[in-house]
1. Residues of segment 118-133 being in a helix (DSSP H, G or I), touching a helix residue (DSSP H, G or I) at 6+ places or on another chain (Cβ under 9 Å) and surrounded by fewer than 20 Cβ atoms within 10 Å (Cβ to Cβ), which ones?
2. Could you please find all residues in segment 205-244 being away from ligand 2 (no atom under 14 Å from the Cβ) and part of a loop (DSSP other than H, G, I, E, B)?
3. Among the residues of segment 1-18, how many are out of contact with any helix residue (DSSP H, G or I) (no Cβ under 7 Å at 6 or more places or on another chain) and in a helix (DSSP H, G or I)?
4. Among ILE48, ILE31, ILE60, which is of a type in the set (Val, Ile, Thr) and open to solvent by 50 Å² or more (accessible area, probe 1.4 Å)?
5. If you go through segment 330-339 one residue at a time, do you hit one that is part of a strand (DSSP E or B), out of contact with any Cys (no Cβ under 9 Å at 6 or more places or on another chain) and open to solvent by less than 30 Å² (accessible area, probe 1.4 Å)?
6. Just for segment 87-112: of the residues that are closer than 26 Å to MET340 by Cβ and surrounded by fewer than 20 Cβ atoms within 10 Å (Cβ to Cβ), which one is nearest to ligand 2 (Cβ to nearest atom)?
7. Can we say SER166 is part of a helix (DSSP H, G or I), loosely packed, with under 13 Cβ neighbours inside 10 Å and among the polar types (S, T, N, Q)?
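The values are calculated or read from the model by the stated rules, or taken from the named source; none is laboratory data. For clarity, every value in this text was computed on a predicted model and none was experimentally measured. Cβ: placed from backbone, ideal geometry, glycine included. Neighbour counts: every protein chain shown. What goes into the accessible areas is simple: the full protein's heavy atoms, side chains included, and nothing from ligands, DNA or RNA. Shrake-Rupley method; radii C 1.70, N 1.55, O 1.52, S 1.80 Å.
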Amino acid sequence: MKKNITVLRGDGIGPEIVNEAIKVLDRVAEIYGHEFVYTDVLMGGCSIDKYGVPITEEGIEKCKSSDSVLLGAVGGPKWDNVEPSKRPEKALLRVRKELNLFANLRPTKLFKQVCEASPLKKEIVENGIDLLIVRELTGGIYFGKRSTSEVNGETVATDEMSYSYSEIERIGRVAFETAMKRNKKLASVDKANVLDSSRLWRKVMHELSKEYPEVEYTDALVDSTAMQLIKNPGQFDVIVTENMFGDILSDEASMLTGSLGMMPSASLSDTTLGMYEPIHGSAPDIAGLDIANPLGTILSAAMMLRYSFDMMKEADAIEQAVSDVLDAGYRTGDIMQEGMIRVGCKAMGDAVAAALR
Ligand code: IPM
Ligand code: MG
């Protein structure tokens with residue numbers, strides 16, 4: 001199969017980790033007889049520097065017309081003080097909205113080979129952590145009306161959070177369907193004891209749960225979920241939640257395993273077009289040093305094969321290769337343990353490509 005992939009390398013370590021994912025994709029193409037055609041588009045600080053905007057209209061169109069989008073990471077201190085409408089993050093939000101990427105899947109899985117990297121006590125992690133956060137990505141407070149004005153002689157800033165029935169229903173469906181393919185457990189997370197948008201969220205999820213009697217469904221409040229994720233992460237399978245709660249809980253969840261650098265993500269629409277990126281940031285402090293962990297991006301490429309291209313065998317092969325490389329003892333600095341083989345970003349990509357079968 002031939003697939004067109006738009007590549008948003010972004011800033012900081014973005015370019016180097018994306019290079020390694022492409023190396024692995026090219027090896028997959030070779031083994032399985034596919035053709036992947038890459039088109040680079042600048043997004044983030046690199047685009048601000050060149051064009052004065054975090055992504056150009058042409059860049060957005062390129063993303064829309066491709067079969068999928070692979071993203072490294074955007075942003076960095078250099079662009080922290082540009083005006084809000086031109087920030088690197090703004091481009092990311094725009095791409096999410098324009099491509100209708102409403103379903104963000106963020107898996108957190110403990111790789112047994114690196115379980116010592118977890119900051120949690122051994123007795124908490126030893127039962128395994130394998131959960132998936134389904135985060136709503138194109139609604140809620142991220143996309144509500146925003147304003148800053150003077151009221152009675154002082155400055156007041158407002159951000160509006162709203163959800164429609166249909167927005168909740170479509171993300172709910174993704175979550176229930178995903179749970180059906182996993183361990184059939186779903187926790188919907190909200191703040192229904194305070195927020196109207198959460199009360200509607202809960203009502204819609206309840207209605208949907210009747211259509212999926214096989215899924216063991218629970219609702220939970222976001223504060224208590226934040227606590228339970230630390231106390232007993234093994235209890236969770238799929239978690240579905242709105243945009244901002246998902247942003248916060250997914251950072252928390254990613255840290256449970258201690259291997260943030262290895263966590264991939266997929267942002268999906270109602271077509272096969274999706275965007276795939278590691279969940280970590282652009283890490284400007286280590287950019288260009290060839291020490292970043294490319295595994296999160298490589299595993300994101302695997303998700304791309306699975307969700308956008310329906311290449312299941314190929315996706316499994318990448319995940320297996322990553323696991324084999326860890327078994328062989330290769331570690332980047334962030335997951336380094338005594339007695340293991342320390343490698344850089346490029347060498348890690350080489351190892352995964354070589355382990356592919
Ligand atoms: C994420 C990031 C983004 C978000 C930022 C960079 C806008 O934190 O993908 O989780 O808040 O969604
Ligand atoms: Mg975040």
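1. Keep residues of segment 118-133 that are in a helix (DSSP H, G or I), which gives 122-125.
From what's left, touching a helix residue (DSSP H, G or I) at 6+ places or on another chain (Cβ under 9 Å): 122, 124-125.
Within segment 118-133, LYS122, ILE124 meet the criteria.
2. Going residue by residue through segment 205-244, those that are away from ligand 2 (no atom under 14 Å from the Cβ) are 205-240.
The answer is TYR212, PRO213, GLU214, VAL215, ASN232, PHE236, ASP237.
3. Qualifying residue count, segment 1-18: 2.
4. Details: ILE48 fails: open to solvent by 50 Å² or more (accessible area, probe 1.4 Å); ILE60 fails: open to solvent by 50 Å² or more (accessible area, probe 1.4 Å).
Result of the check over ILE48, ILE31, ILE60: ILE31.
5. In the first step, residues of segment 330-339 are kept if they are part of a strand (DSSP E or B); the result is 330-331.
Add one more test, that the residue is out of contact with any Cys (no Cβ under 9 Å at 6 or more places or on another chain), and what stays is 330-331.
Narrowing further to those that are open to solvent by less than 30 Å² (accessible area, probe 1.4 Å): 331.
The answer is yes; a qualifying residue exists.
6. In the first step, residues of segment 87-112 are kept if they are closer than 26 Å to MET340 by Cβ; the result is 107-112.
Now restrict to residues that are surrounded by fewer than 20 Cβ atoms within 10 Å (Cβ to Cβ): 109, 111-112.
Values: LYS109: 18, PHE111: 21, LYS112: 26 Å.
Per the stated criteria, the residue is LYS109.
7. Details: part of a helix (DSSP H, G or I): yes; loosely packed, with under 13 Cβ neighbours inside 10 Å: yes; among the polar types (S, T, N, Q): yes.
Yes: the conditions hold for SER166.
Residues checked against (1) among the hydroxyl-bearing types (Ser, Thr, Tyr); (2) in a helix (DSSP H, G or I); (3) more than 16 Å from ligand 1 (Cβ to nearest atom):
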position	(1), (2), (3)
GLY261	no, yes, no
ASP270	no, no, yes
ALA302	no, yes, yes
ASP310	no, no, yes
